[in-house]
Amino acid sequence: MPRASAWPRLRTPTPPRAHSRQPLIGGSSFRSPDGRVLGADGGVGDPEAPAGMGEARTRPGASADGLAPAGSPMPEAGVEAEVAKLLPFLAPAARADLQAEAVRHVLALTGSGPGRALLAGQAALLRALVELAAAAAPAPARDAARALVNLAAEPGLHGPLLEAEPALPARLLGRALDPEWPWAEEAAAVLANLSREPAPCDALMAALAAEEPGGPGLERLVHALCTPDYNPRAPLHYLGPVLSNLSQRPAARAFLLDRERCVVQRLLPLAQFPDSSVRRGGVVGTLRNCCFEHRHHEWLLGPQVDILPFLLLPLAGPEDFSEEEMERLPVDLQYLPPDKQREPDADIRKMLVEAVMLLTATAAGRQQVRRQGAYLILRELHSWEPEPDVQGACEKLIQVLIGDEPEPGMENLLEVQVPEDVERRLQQLDHQEREQHTRGQPEELAPEPQAEGATPT
């Protein structure tokens, strides 16, 4: 890549986005973030097992009163009639064993696109499912919540779900933040899926705003996310994507960036949370979305927050820099151990690079990022990075750091208006760059500019 002699044709990353990697439960099995399939009994199953309608892995045995076994094939013509039979067994007064079997049938249906589409038109059944998902034992709340996770994973079903139960976000929020609710993780996963779209996200924000008397709802959510063992029976990793999705909203970002609350400072350590890429990715997505607020960049980069080392450390490897280079890095990035590993998730690495990119939107931000030696970390990341999309994002950020400053009046990149025809041309160039990376054509990375009279290292 040739050295940029003028300000690069640059677009900032896409606006605050929803977290996209949400759980989809195949049939009556729960596929965890690491790919394992958890059966209805909590055991580990075959990660490649089919999970379509009528093929769900369930406990053996048949149900009573005309219901076919949950794992048996179901003729297409009889599907609607089968679904109609389920509703009486989902009622609160139904016998517990039949209720559990009926919920397993619904969970099996949600494992396929046609099954989810079929359930979308069953408003009464959806209401019954929501009731069971929030009901205490012996109700099959866990499988009911897992069925809702699958349904909420389909954006086209958000409307039917909210029409069937307008209070769904508020009810799930109450369960997700209940420190004694055993299926709080499933409730959080439903909210993570729902909050990807504007209407359910707004409904969830309204529910959070109405939270009393336990304090502001967002404060309770952040507290639950940042407190180890907040719920000893549920890890609550999916509160990370929920917060990331909520941070699309200006009101949520205003709360997160409130300097009196110190919310960002509490989230920063979770950017390297070792036990869950779901929580880690949600927190990084939240920080990235907060970086769109350029008025707060000076505070974020300053000593009160010092966000840059937290963004760069997951991108750093075990490189051995020269003494001169080492002195330019923040203390937390100096002399890293030889077994230091980079963030293993490519999506998270890209969000980290994009967050740093956003912090370079202003002249003061660019100066601060350069001063803290970000180029050195990005140079080594670019040499190591196996994913074309992440490598491309890294190259764009390096262009900003090594390029000349823009003309007067264009210093803030987040406020630069790009004409539509130029935007289309830049999108074409991006597509060509991705194709070049896919073909594996190597590019030469430009060196960092040296100060006049300085000796290259």
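A93 satisfies every condition listed in (1) of a type in the set (A, V, I, L, M); (2) farther than 26 Å from N231 by Cβ; (3) in a helix (DSSP H, G or I) except (3).
Taken together, R295, R288 contain a single residue that is open to solvent by less than 10 Å² (accessible area, probe 1.4 Å), in a helix (DSSP H, G or I) and of a type in the set (D, E, K, R), which is R288. If you check A189, A207, A224 for being assigned to a helix (DSSP H, G or I), in contact with a Leu (Cβ under 9 Å, 6 or more places away or on another chain) and open to solvent by 10 Å² or more (accessible area, probe 1.4 Å), only one passes: A207. Considering segment 133-160, and only residues there that are closer than 14 Å to W181 by Cβ and in contact (Cβ under 8 Å) with a residue 12 or more places away in the chain, the residue that is nearest to the chain's Cα centre (by Cα) turns out to be A145.
Screening R116 with (1) within 28 Å of the chain's Cα centre (by Cα); (2) open to solvent by 30 Å² or more (accessible area, probe 1.4 Å); (3) among the basic types (K, R) gives one miss only, at (2). Pairs linking a residue in segment 372-386 that is more than 18 Å from D306 (Cβ to Cβ) to a residue that is open to solvent by 30 Å² or more (accessible area, probe 1.4 Å), with Cβ atoms under 7 Å and 6 or more positions apart or on different chains, are Y375/E448; R379/L445; E380/E319; H382/Q391; H382/L445; E385/Q391.
Only one of the numbered conditions (1) touching a helix residue (DSSP H, G or I) at 6+ places or on another chain (Cβ under 9 Å); (2) at pLDDT below 95 is violated by P213, and that is (1).
The values are calculated or read from the model by the stated rules, or taken from the named source; none is laboratory data. A quick note: this is a predicted structure, and the numbers were derived from the prediction, not measured. Cβ coordinates were reconstructed from backbone atoms using ideal geometry, including for glycine residues, and neighbour counts include every protein chain displayed. Side chains included, ligands, DNA and RNA excluded: accessible areas come from the protein's heavy atoms. Shrake-Rupley method; radii C 1.70, N 1.55, O 1.52, S 1.80 Å.
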